[in-house]
1. Can you tell me which residue in region 295-307 is surrounded by the most Cβ atoms within 10 Å (Cβ to Cβ), limited to those that are more than 8 Å from the ligand (Cβ to nearest atom) and in a strand (DSSP E or B)?
2. Of the residues that sit in region 174-210 and are within 16 Å of the ligand (Cβ to nearest atom) and of a type in the set (Val, Ile, Thr), which one is farthest from the chain's Cα centre (by Cα)?
3. Could you tell me whether Asn336 is on the phi < 0 side of the Ramachandran plot and either surrounded by 18 or more Cβ atoms within 10 Å (Cβ to Cβ) or not hydrophobic (A, V, I, L, M, F, W, C) (or both)?
4. Looking at (1) in a helix (DSSP H, G or I); (2) assigned by TED's automatic domain parsing to the domain that holds Val248, which is the one condition that is false for Val162?
5. Tell me, which residue of region 116-126 that is free of Cβ contacts under 8 Å to residues at least 12 places away in the same chain and under 22 Å from Ala274 (Cβ atoms) is surrounded by the most Cβ atoms within 10 Å (Cβ to Cβ)?
6. Quick one: what pairs do we get from region 238-251, first residue in the same structural domain as Gly288 (by TED's automatic domain parsing), second small (Gly, Ala, Ser) and surrounded by fewer than 23 Cβ atoms within 10 Å (Cβ to Cβ), C-beta under 8 Å, 6+ apart or different chains?
7. Go through Val145, Val220, Val171 for me and flag whichever is assigned to a helix (DSSP H, G or I), within 16 Å of the ligand (Cβ to nearest atom) and without any contact (Cβ under 8 Å) to a residue 24 or more places away in the chain.
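The values are calculated or read from the model by the stated rules, or taken from the named source; none is laboratory data. These numbers were taken from a predicted model, which means no experiment stands behind them. Cβ atoms come from the backbone with ideal geometry, glycine included; neighbour counts cover every protein chain shown.
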Amino acid sequence: MNPELLEQITRLVVEKLQSQQSIETEVTEKNGGVQFWPHTEQKAKLENLSSLPISEAKTQELISIQPYITSVEKTTPPSRKTDDVPVEEINRVIKGLEEPADQEELEFLKSKTPARIGIGRAGLRPKTESWLKFRYDHAAAVDAVYGDVQEKLLKNLQLFKVHTQVTDKEVYIRRPDYGRKLSDEAKALIKEKCKHAPAVQIVVSDGLSSKAVDENVEDVYLSLQQALQSMGLEIGTSFFIEKGRVAVMDDIGELLRPKVVVLLIGERPGLVSAESLSAYLCYEPRKGTIEADRMVISNIHKGGIPPVEAGAYLGTVIQKILHYEASGVSLVQKEN
Ligand code: B12
């Protein structure tokens, strides 16, 4: 992506999120209730903010949240060979129920979820096209779990690679505890190469979807870097962990003693998206850190939270974590 455009987008998003945050703080202070993270309501908030005096029109043009995928055409990946398939076949929308009792209500319900509802059936079985689509999505999910992150991507982002105590993917799936611990070689390499005790340590891991990393990490990582730099926050030496789990951040905390660890990791694939990325955050993670002290921004992909926007948003969350010296439930408690 063009670095200037990236910087422009990051600046606009940070500006917008900061004004959004001040509005939320006002509302929360008035209501005095529990404050929830707003990232799942992004779209509605963006619409409501149209009267704010920041360069709205520009931002709206640059960032758009994609609607749920509903047609065969939109889910056809670019790499799939389409030369020998008629265009009208590719563009055909899965029809689903042929004579629903209430067409309008069904359309309304379908517009609210990416789940496979109202897809009809043929006798006792699913229709052939729904069944094929299911098989296709299932295969994509399996590929995402078993695949490897592209070396080229790691090279481009200058991330060196280390391993957990997991040897292969079968062990990874059966023994999550091994994926939460760094190997001895990894510990030595990290100690040798990384800056000690930075404010923010960014780590990338394939987790349960290498596809999620391939598709999204570059944009999230670059916009997160931009956001942190613009806030004057010190970033440590980033690296990649193969076959990692979320709690591996505790080992990283012990080794490097950063204030905040941000782990960009592939999510378990569902049948809607196999390329969804999460960013898990924790303030001073250590051995014995409880799950409630971690937090997550999930659903980062082109049909969910756009990666560039997620990177910028993460920057503002990190700023908050550093300010309150807490993350997760402890952060919410301190904030209130
Ligand atoms: C699997 C899963 C779980 C499993 C994790 C089991 C395990 N050991 O793997 C179980 C059922 C225990 C679970 C529980 C919860 N989950 Co959950 N979970 C997921 C799911 C489907 C996949 C996560 C994943 O792939 N992680 C990556 C892999 C590599 O991580 P891992 O190391 O194998 O496992 C760790 C993470 O999964 C993490 N984790 C799982 N859920 C959550 C939620 C939060 C808030 C945090 C901080 C961490 C966390 O805990 C695991 C152990 O360290 C996501 C959906 C998604 N699209 O991401 C929802 C999701 C992350 N979970 C969610 C929620 C709300 C929860 C709960 C708070 C539910 C509840 N009310 O109790 C709890 C919190 C658990 C915690 N660790 O703090 C939400 C988070 C929403 C948000 N953005 O804040 C998601 C996005 C689902 C959703 N769409 O609502 N979850």
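1. Residues of region 295-307 that are more than 8 Å from the ligand (Cβ to nearest atom), as a first pass: 300-307.
Subset that is in a strand (DSSP E or B): 300, 305.
Values: Ile300: 29, Ile305: 26.
This residue is Ile300.
2. Of all residues in region 174-210, those within 16 Å of the ligand (Cβ to nearest atom) come to 174-182, 203-210.
Subset that is of a type in the set (Val, Ile, Thr): 203-204.
Values: Val203: 13, Val204: 12 Å.
Looking at the filtered set, the residue picked out is Val203.
3. Working: on the phi < 0 side of the Ramachandran plot: yes; either surrounded by 18 or more Cβ atoms within 10 Å (Cβ to Cβ) or not hydrophobic (A, V, I, L, M, F, W, C) (or both): yes.
Judged against the criteria, Asn336 is a match.
4. (1)
5. Of the residues in region 116-126, the ones free of Cβ contacts under 8 Å to residues at least 12 places away in the same chain are 117, 121-126.
Next, only the ones that are under 22 Å from Ala274 (Cβ atoms) stay: 117, 126.
Working: Ile117: 12, Pro126: 16.
Among them, the one singled out is Pro126.
6. Asp250/Gly288
7. On the way: Val145 fails: without any contact (Cβ under 8 Å) to a residue 24 or more places away in the chain; Val220 fails: without any contact (Cβ under 8 Å) to a residue 24 or more places away in the chain.
Going through Val145, Val220, Val171 in turn, the sole match is Val171.
So that you can scan it fast, the table gives a plain yes or no per residue for (1) hydrophobic (A, V, I, L, M, F, W, C); (2) crowded, with 17+ Cβ neighbours inside 10 Å; (3) out of contact with any strand residue (DSSP E or B) (no Cβ under 8 Å at 6 or more places or on another chain):
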{"site": "Gln158", "(1), (2), (3)": "no, no, yes"}
{"site": "Lys161", "(1), (2), (3)": "no, no, no"}
{"site": "Thr164", "(1), (2), (3)": "no, yes, no"}
{"site": "Glu170", "(1), (2), (3)": "no, no, yes"}
{"site": "Arg174", "(1), (2), (3)": "no, no, yes"}
{"site": "Leu189", "(1), (2), (3)": "yes, yes, no"}
{"site": "Gly207", "(1), (2), (3)": "no, yes, no"}
{"site": "Asp214", "(1), (2), (3)": "no, yes, yes"}
{"site": "Gln225", "(1), (2), (3)": "no, yes, no"}
